[in-house]
């Protein structure tokens, strides 16, 4: 039987992040399964993908504790393509 302190450490933060990644993936799958469409849905799926990329970079690539260039490289890698894809979606739905 675990003590109270041991049970609190049973699930590490990375386990919670992994569970969140699974949940976000299930939400994305459900959106596709329900065949939802539209600009807001497309932007929501993109935002979920960017959030998942950020969580993976921070927790599983170990960049949470890194400062400087490497930390910014991942952030820029997520922001630039995300912004360009968002712009493409917004412009294509405007036509």
If a residue has to be under 25 Å from residue 92 (Cα atoms) and assigned to a loop (DSSP other than H, G, I, E, B) to count, how many in the stretch 24-65 make the cut?
-> 5
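Of these, 43, 87, which one is more than 21 Å from residue 15 (Cβ to Cβ), surrounded by 10 or more Cβ atoms within 10 Å (Cβ to Cβ) and in contact (Cβ under 8 Å) with a residue 24 or more places away in the chain?
43
Since every read-out is calculated from the coordinates, none of them should be taken as a lab result. Predicted model only: the values in this text are computed from it and were never measured. All Cβ positions, glycine included, derive from the backbone under ideal geometry; neighbour counts span all protein chains shown.
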